[in-house]
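A.B. asks: Mind looking over this structure? Questions follow.
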Amino acid sequence: MKIGLFIPCYIDAFFPQVGIATLELLQRLGHQVECPRGQTCCGQPMANSGDQHASSETEAHFAACFRDYETIVGPSGSCVHHIRYHLDACEQTPEVVRVRKAVRELIEFLHDDLQNPPLPPVEFPHKVGLHNSCAAVRGLRQEQPSEIAAAPRYSKSQDLLKQVKGLQIVPMDRPDECCGFGGSFSVTDEAVSSKMGLDRSSDFLRHGAEYIASGDMSCLIHLRGIIERQKMPLKVVHIAQILNGGPFA
Amino acid sequence: MSLWQSEASRPVEPEAAAARFINDPKHEETHDRLVWGMRTKRDQAASLLPHWEELREVASQVKEHTLTHLDQYLQQFENNALANGVKVHWARDAAEHNNTVLRIFEEHGVKLVIKSKSMLQEECGMTEFLIAHGITVRESDLGERIQQLSKERPSHIVVPSIHKLRTDIAELFAEHLHTDPHNSDPHYLAEAMRNDARPQFLAADAAMTGANFAVAETGGIVVCTNEGNADIGATVPSLLVSSIGIEKLIPRASDLGLFLRLLSRSALGPPMTQYTTHLHRPRPGTELHFVLVDNKRSERLASPDFWHVLKCIRCGACMNTCPVYRRSGGLAYGATYSGPIGIILDPGFDHRKYRELPFHSSLCGSCTEVCPVKIDISNQIYKWRRVIASEGLLPAIKGAGLPVLGDVLAHPAVFHAAEAIGIASIAHLPHKVLDNPLNPWTRHREMPGAPSQTFHAWYEKEGKKHE
C-alpha cells in the first residue's frame, strides 16, 4: 500500500523523532511511504479559534498536498479529527472530500485497517501512564470514553501496546480527563490550562508512571512543559516511538 | 435592577476571573474535588441502570419531538391547566415576565415572597426587580439563600454555592444569623438557617417556584428539589406563582418515567431527588398561576445550529464533568448560566457581552458524552466560536495573529522560514527572553526544546532513501 505520510506542523518543528518513528514503523510493516514536501498544517489552529477565513487557504493547501494518495496516515488524533470533522473552511471539492475521508490516524490505521498486525518485536520495560487525547477518545472513538455506561470497554492504543514487552500501564484516578492543552486555549486561558496540566501530571505521578505516552504530541508538549517546570520525575513519549522502539530523541 | 442590566454590556472576562479562582488553591482544589465527586456518582448511577445510553437516546428524541411540535403542546398544556383552575400567563421576554409577576403580587397586596430555586427567574433578573418594587423576596433553597446573602449569582445550576467552603458559610452566617463564626459544623449551620427561615415561610404572602417539567397531557408541572422547600411554598401561602420556560414541555405524564430516571442520576447520582412535587391545581381557596416564558427561546428554536440547546433539563452534569468549569468556579463565567451549558446558552442572549465564553473551553467533549438528552454541547461551543469570529468579535489576543498564521501555513516556503526562526529563537535566545510575562506559555511551563533539525530537513537527507 502506498501511504502519504502526514506530519503535523508542530511535530515537524519540535518532534522530528516522532515523524521518523512513524515513517519507519509503517515501512517495517511493508508499506511504501511518501511524505509530500509542500505540506504545512491542517488548518486547525485558525479554525479552532473560529476563524474560518484564516484557515481556508491552509486547508485547501493541505488537501492539494495529499490529493495523489488513497491512504494518508498521520500520528495525531487532534489533527486527524480536525480534517475528518471540521475541515470545511475551504471549498468542498470532490478532491477535498476524498482527502478528508482518506486520512487515518496512526493508531486507528494500525488497529482497524491493518487489524493489529504483529509488530516488529520491541521492548519498553517501563511503567507507562496512557494519555489518549480528547480528540482520540471522544472524537475518533479510539477508546471507550469514561462517560459512556455501555459495555464493552475497549482501547485501541492499549491493544497495540500489549505487543510491547515489559510495558506496564498504570491505572489512573481520572482515566481520560483533559490535560488542558486545547490549542490556543493553552495561551489565552493559561491559568486554567496549566492547572489542568498539573493535575493530570500529578495523577500519573501518584500512580508511579515513569512515562506519559500519547498519540498526540500536542498534549505532550504542554504536559512536558509542566513536568519540567515542576521537576517531576516523568518523561513523555509518543506511542509511535514505543511501537517502533525509538528514536527517542 | 437585575444583574444583567446593572453590569451593562461590558464583555465578561472568564479567563481572568478563573485565574483569580485558581490563585486561591484551597477553594479551587476543594471545588474540583467536590464537583468531580458528583461526576463520579453520576457514573456509578449510570452504570447501575440497564440501558442508560438507550435512555439518553430516547430522552433526546422525546425532547426533539416536543420542540418540533411545541406550538401544539403549549396549547394543550394551557387548555388543560385552565381546565384545572390554574391562571395561565404568557411572557414574551424577561420584562414581561417580571411585570406579570409584579402585577399579580400587587393585586394581592403581597409584601413577602418565599421562592424556591428557579434558573428562569434568575435569567429574568426577577428578584432584583421585585425588590426594587418594594417586595421582599426570600430564597428558600439553602444554597440559593447563601448566594442571596453573599450578593452573588448561583455558581452552579444545581448546587448554587458549591464554590464556597464550610468556613466561608460560617463567616457569612455569623454576619447575618449571628452564629459562631468559628463553628463550621454543617448540622449547626443548617439548623441556624432552618430557625431563621421557618418564621418567614409562615409569614409569606405568596410563594414562587420554577418548573423542571410541564406536562402537556395533564396541564401540571413537576418541581424537583432535595430540600422540600418548594413544597412548603406550595402548601403554606394562599398564592403560588410558577415560572415555566416554554422548553420545559413534555408530552405525557408517562414521559416523566424517562426524564426523572435521568435527571437526578445525571445531576448528583441518587436515583431520585428527595422531593418530586406534582402541581396540577390550586388548593381550595388559593390561587395557582403559571407564567410561560419565551425570552428568546423561539429565536433559538429557529436556529438550525443551536436549537438543540433547548433540550436541556438543567441537570448540571456537563458542569460537573467540565475540567475547565471545575478549575474556574461558576462565578468566573459572569453570567446566569455557567459551565458548558452556559457557554452555549449565554451568547444566545447577548453574544457581544458573552463573546469570550465559547473560548473558555478546551473542547474536550466530555460535556457531550454525559448530557442525558444528548445535546452536542462541545460542537455548539465550536460553532459559537465561528459566529463570534465571523462577526469580527474575536478578542485581540485570540484573533490578532490568525490571518498572518493562516497565510504562513498556506505557503510551505514561508512556513519553513518561520519554523527556522522560531526554532533558532528557542535554541539561541537567553532563557529570560522567552520566559517573560508577555509569554503566557512560560508562566507555569517550560518551552519545548529546539531539535537539531526539523522532520522535513531530516527527510530531505535520510528519509527519501527509503521511498
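The values are calculated or read from the model by the stated rules, or taken from the named source; none is laboratory data. Here the structure is a predicted model, which means the values were calculated and not measured. Note: ideal-geometry Cβ built from the backbone for every residue, glycine included; neighbour counts use all protein chains shown. These area figures cover heavy atoms from the full protein model, side chains too; ligands, DNA and RNA do not enter into them. Shrake-Rupley method; radii C 1.70, N 1.55, O 1.52, S 1.80 Å.
A.B. asks: Quick one: in segment B:325-358, of everything that is under 19 Å from residue A:193 (Cα atoms) and touching a Gly at 6+ places or on another chain (Cβ under 8 Å), which residue is nearest to the other protein chains (Cβ to nearest Cβ)?
C.D. replies: Checked segment B:325-358; the qualifying residue nearest to the other protein chains (Cβ to nearest Cβ) is B:358.
A.B. asks: Next question, about the same structure. Tell me the residue from B:189, B:165, B:172, B:239 that is touching an Asp or Glu at 6+ places or on another chain (Cβ under 8 Å) and surrounded by fewer than 23 Cβ atoms within 10 Å (Cβ to Cβ), please.
C.D. replies: B:239
A.B. asks: In segment B:21-62, which residues are surrounded by 15 or more Cβ atoms within 10 Å (Cβ to Cβ) and basic (Lys, Arg)?
C.D. replies: Listed by number, the residues that qualify are B:39, B:41, B:42, B:56.
A.B. asks: Report yes if residue A:57 is in contact with a Gly (Cβ under 7 Å, 6 or more places away or on another chain), among the charged types (D, E, K, R) and without any contact (Cβ under 8 Å) to a residue 60 or more places away in the chain, otherwise no.
C.D. replies: So residue A:57 passes the test.
A.B. asks: Quick one: which of A:143, A:147 is buried (at least 16 other Cβ atoms within 10 Å of the Cβ) and free of Cβ contacts under 8 Å to residues at least 12 places away in the same chain?
C.D. replies: A:147
A.B. asks: Right, something else. So residue A:170 clears everything in (1) away from every other protein chain (no Cβ under 14 Å); (2) open to solvent by 30 Å² or more (accessible area, probe 1.4 Å); (3) closer than 20 Å to residue A:206 by Cβ except one condition, right? Which one?
C.D. replies: Of (1) away from every other protein chain (no Cβ under 14 Å); (2) open to solvent by 30 Å² or more (accessible area, probe 1.4 Å); (3) closer than 20 Å to residue A:206 by Cβ, only one is false for residue A:170: (2).
A.B. asks: Still on this structure, please answer the following. Within segment A:79-108, which residues are over 19 Å from residue A:38 (Cβ atoms) and in contact with a Pro (Cβ under 8 Å, 6 or more places away or on another chain)?
C.D. replies: Selection gives A:105, A:106.
A.B. asks: What residue, of B:45, B:59, B:81, B:18, is part of a helix (DSSP H, G or I), of a type outside the set (S, T, N, Q) and touching an Asp or Glu at 6+ places or on another chain (Cβ under 8 Å)?
C.D. replies: None of the others qualify; the one that does is B:18.
A.B. asks: Look at segment A:185-218 and say how many of its residues are outside any helix (DSSP H, G or I), in contact with a Pro (Cβ under 9 Å, 6 or more places away or on another chain) and in contact (Cβ under 8 Å) with a residue 12 or more places away in the chain.
C.D. replies: 4
A.B. asks: Here's a follow-up. Between a first residue in segment A:9-21 that is more than 7 Å from chain B (Cβ to nearest Cβ) and more than 16 Å from residue B:420 (Cβ to Cβ) and a second residue that is among the aromatic types (Phe, Trp, Tyr) and surrounded by fewer than 23 Cβ atoms within 10 Å (Cβ to Cβ), which pairs have beta carbons less than 7 Å apart while being 6 or more apart in sequence or on different chains?
C.D. replies: Once the first residue is more than 7 Å from chain B (Cβ to nearest Cβ) and more than 16 Å from residue B:420 (Cβ to Cβ) and sits in segment A:9-21, its partners that are among the aromatic types (Phe, Trp, Tyr) and surrounded by fewer than 23 Cβ atoms within 10 Å (Cβ to Cβ) give A:17/A:248.
A.B. asks: Only one of A:121, A:152 is farther than 15 Å from residue A:77 by Cα, touching a residue at least 24 places away in the same chain (Cβ under 8 Å), over 16 Å from the mean Cα position of the chain (by Cα) and open to solvent by 10 Å² or more (accessible area, probe 1.4 Å); which?
C.D. replies: Step by step, each of A:121, A:152 is checked, and only A:121 is farther than 15 Å from residue A:77 by Cα, touching a residue at least 24 places away in the same chain (Cβ under 8 Å), over 16 Å from the mean Cα position of the chain (by Cα) and open to solvent by 10 Å² or more (accessible area, probe 1.4 Å).
A.B. asks: Then there's this: Test residue A:128 against the stated conditions and say whether it is within 14 Å of chain B (Cβ to nearest Cβ), β-branched (Val, Ile, Thr) and either surrounded by 18 or more Cβ atoms within 10 Å (Cβ to Cβ) or out of contact with any helix residue (DSSP H, G or I) (no Cβ under 6 Å at 6 or more places or on another chain) (or both).
C.D. replies: For residue A:128, the condition - within 14 Å of chain B (Cβ to nearest Cβ), β-branched (Val, Ile, Thr) and either surrounded by 18 or more Cβ atoms within 10 Å (Cβ to Cβ) or out of contact with any helix residue (DSSP H, G or I) (no Cβ under 6 Å at 6 or more places or on another chain) (or both) - is not met.
A.B. asks: So, in segment B:372-399, how many residues would count as being open to solvent by less than 10 Å² (accessible area, probe 1.4 Å) and more than 9 Å from chain A (Cβ to nearest Cβ)?
C.D. replies: Residues flagged as open to solvent by less than 10 Å² (accessible area, probe 1.4 Å) and more than 9 Å from chain A (Cβ to nearest Cβ) within segment B:372-399 amount to 6.
A.B. asks: Could you run through segment B:178-219 and say how many residues are among the charged types (D, E, K, R) and either part of a loop (DSSP other than H, G, I, E, B) or within 30 Å of residue B:258 (Cα to Cα) (or both)? First the steps, then the outcome.
C.D. replies: Initial filter on segment B:178-219 (among the charged types (D, E, K, R)): B:180, B:185, B:191, B:194, B:196, B:198, B:205, B:217.
Remaining after also requiring either part of a loop (DSSP other than H, G, I, E, B) or within 30 Å of residue B:258 (Cα to Cα) (or both): B:180, B:185, B:205, B:217.
Adding up the residues that qualify gives 4.
A.B. asks: Ok, one more. Residue under question is residue A:177, and the condition is that it be crowded, with 17+ Cβ neighbours inside 10 Å, within 20 Å of the chain's Cα centre (by Cα), within 9 Å of chain B (Cβ to nearest Cβ) and outside any strand (DSSP E or B); does it hold?
C.D. replies: Values: crowded, with 17+ Cβ neighbours inside 10 Å: yes; within 20 Å of the chain's Cα centre (by Cα): yes; within 9 Å of chain B (Cβ to nearest Cβ): yes; outside any strand (DSSP E or B): yes.
The answer is yes for residue A:177.
A.B. asks: Test of understanding: among B:209, B:286, B:277, which residue is under 26 Å from residue B:130 (Cα atoms) and either open to solvent by 40 Å² or more (accessible area, probe 1.4 Å) or in contact with an Asp or Glu (Cβ under 9 Å, 6 or more places away or on another chain) (or both)?
C.D. replies: Matching residue, one of B:209, B:286, B:277: B:277.
A.B. asks: When the residues of segment A:1-22 are filtered to those that are part of a helix (DSSP H, G or I) and under 12 Å from the mean Cα position of the chain (by Cα), which remaining residue is surrounded by the fewest Cβ atoms within 10 Å (Cβ to Cβ)?
C.D. replies: Step by step, filter segment A:1-22, then rank; the result is A:10.
A.B. asks: If a residue must be of a type outside the set (Lys, Arg) and open to solvent by 30 Å² or more (accessible area, probe 1.4 Å), how many such residues does segment B:441-457 contain?
C.D. replies: 9
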